[in-house]
1. Does Ser136 meet the test of being touching a strand residue (DSSP E or B) at 6+ places or on another chain (Cβ under 8 Å), open to solvent by 10 Å² or more (accessible area, probe 1.4 Å), closer than 27 Å to Ile376 by Cβ and not β-branched (Val, Ile, Thr)?
2. Which of the residues spanning segment 348-377 are assigned to a loop (DSSP other than H, G, I, E, B) and either under 19 Å from Ile290 (Cα atoms) or open to solvent by less than 40 Å² (accessible area, probe 1.4 Å) (or both)?
3. Is it the case, given these coordinates, that Met118 is among the aliphatic types (A, V, I, L, M), buried (at least 19 other Cβ atoms within 10 Å of the Cβ) and either touching a Cys at 6+ places or on another chain (Cβ under 7 Å) or modelled with pLDDT under 95 (or both)?
4. Check segment 36-47 and report whether any residue there is among the polar types (S, T, N, Q) and exposed (fewer than 15 other Cβ atoms within 10 Å of the Cβ).
5. Are any of the residues in segment 147-154 of a type in the set (Gly, Ala, Ser) and either touching a residue at least 60 places away in the same chain (Cβ under 8 Å) or under 16 Å from Lys194 (Cβ atoms) (or both)?
6. Please specify each residue of segment 220-271 satisfying the condition of being of a type in the set (A, V, I, L, M), assigned to a helix (DSSP H, G or I) and open to solvent by 10 Å² or more (accessible area, probe 1.4 Å).
7. If you go through segment 30-38 one residue at a time, do you hit one that is under 19 Å from the mean Cα position of the chain (by Cα) and within 21 Å of Glu122 (Cβ to Cβ)?
8. Return the residues of segment 303-316 that are touching a residue at least 60 places away in the same chain (Cβ under 8 Å) and open to solvent by less than 10 Å² (accessible area, probe 1.4 Å); say none if nothing qualifies.
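The values are calculated or read from the model by the stated rules, or taken from the named source; none is laboratory data. A quick note: this is a predicted structure, and the numbers were derived from the prediction, not measured. Glycine gets a Cβ as well: all are built from the backbone with ideal geometry, and neighbour counts include every protein chain shown. Only protein heavy atoms, including side chains, enter the accessible area calculation; ligands, DNA and RNA are left aside. Shrake-Rupley method; radii C 1.70, N 1.55, O 1.52, S 1.80 Å.
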Amino acid sequence: MGRLAQTDGLTEIQRDILATVRDFVDKEIIPVATELEHKDEYPTAIVEGMKQLGLFGLTIPEEYGGLGESLLTYALVVEEIARGWMSVSGIVNTHFIVAHMINAHGTQEQKDYFLPKMAAGEIRGAFSMSEPGLGSDVSAISTKGVKDGEFYVLNGQKMWLTNGGTSTLVAVLCKTDEGASTPYKNMTTFLIEKEAGFGPNPKVPGLTVPGKIEKMGYKGVDTTELVLQDVRIPADRILGGVPGRGFYQMMDGVEVGRVNVAARGCGVARRAFELGISYAQQRSTFGKKIAEHQAIQFKLAEMATKVEAAHQMMVMAARKKDSGERNDLEAGMAKYLASEYCKEVVEDAFRIHGGYGFSKEYEIERLYREAPMLLIGEGTAEIQKMIVGRRLLEEYRIAD
């Protein structure tokens, strides 16, 4: 283990958790990741291993059967998992976001019912906000929930659900008519339990999960649509029990999700650096290892600096959230920096590999296809810069 991406001030428990996860990644994920990714095969054995390690309950409070760890611990675990295979980190990410939302905003009954099952990995969560024509404008959602006695009737189409097929709980953002003056107060999050699988869902009449969306990268994990046709959901399955708070609940989830995406970028970038510096010491040109050429040394130096900078920014954003302070500025910066640097580090490692980087026999080919997803997941670079810019103007506003 090299000196890059080390984190100061960790407890012994945190160090033990990370050592265990790192060992799991090296032994159970890295050796099979490329083969499973090329087959677009769900990593069932890996997921079972993560359940046994308690990773699905990592941040869920101990009173509900979880480990009660911090966002920082979770982000560092995600960084390690993404170093092995980014798709696996996606399987735990949406689950983590939904668990966070229930713990932070759910009723006591919702916490008591869902969190113990989520901690054990018996219920696995998915997060549904986006729609086919939505883009970054959440206020334009068209999926509606109409009150009908003690139920709400949901109709619409959602898009880009990570774990859409394999999940058994989906947090779905819908437009509800609460009579508020702003669209952001006319949205509600519904907790929908379903059976895993594709097609019409036998547990929820009217709910359909079409087949997997074929993707350039980020394979293995299923990404789907979600179609709702007159789906009846009890009013007590509104997150928090009160309608009209969905947008703010979702944004809280996205905020911790941005730290997660930053962590994934750090993990993928670190693996790309490891592959690049290893290959540079094996490949020879003009009578010496290419690592001895100044041009390659410069490239490695730039890559390592970016890996380190992104990691430290991610750690700062996680610690800010853990302290109870507002961290949208830091989370936006971390997500933006880590995803952009990840793309650049992966590309440099790809270049170091030369023609072999284009071969599916080499791991860097997979990373080259995975890195672009981080540029758009949990908000594009443009959205992050808009968030950061607005917060900076709040912080540094001059008197009129």
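1. So Ser136 does not fit the description; no.
2. Those that are assigned to a loop (DSSP other than H, G, I, E, B) and either under 19 Å from Ile290 (Cα atoms) or open to solvent by less than 40 Å² (accessible area, probe 1.4 Å) (or both): His353, Ser359, Tyr362, Gly377.
3. no
4. yes
5. Taking every residue of segment 147-154 in turn, none turns out to be of a type in the set (Gly, Ala, Ser) and either touching a residue at least 60 places away in the same chain (Cβ under 8 Å) or under 16 Å from Lys194 (Cβ atoms) (or both).
6. Ala235, Met251
7. For segment 30-38, residues under 19 Å from the mean Cα position of the chain (by Cα) and within 21 Å of Glu122 (Cβ to Cβ): absent.
8. Matches in segment 303-316: Val307, His311, Met314, Val315.
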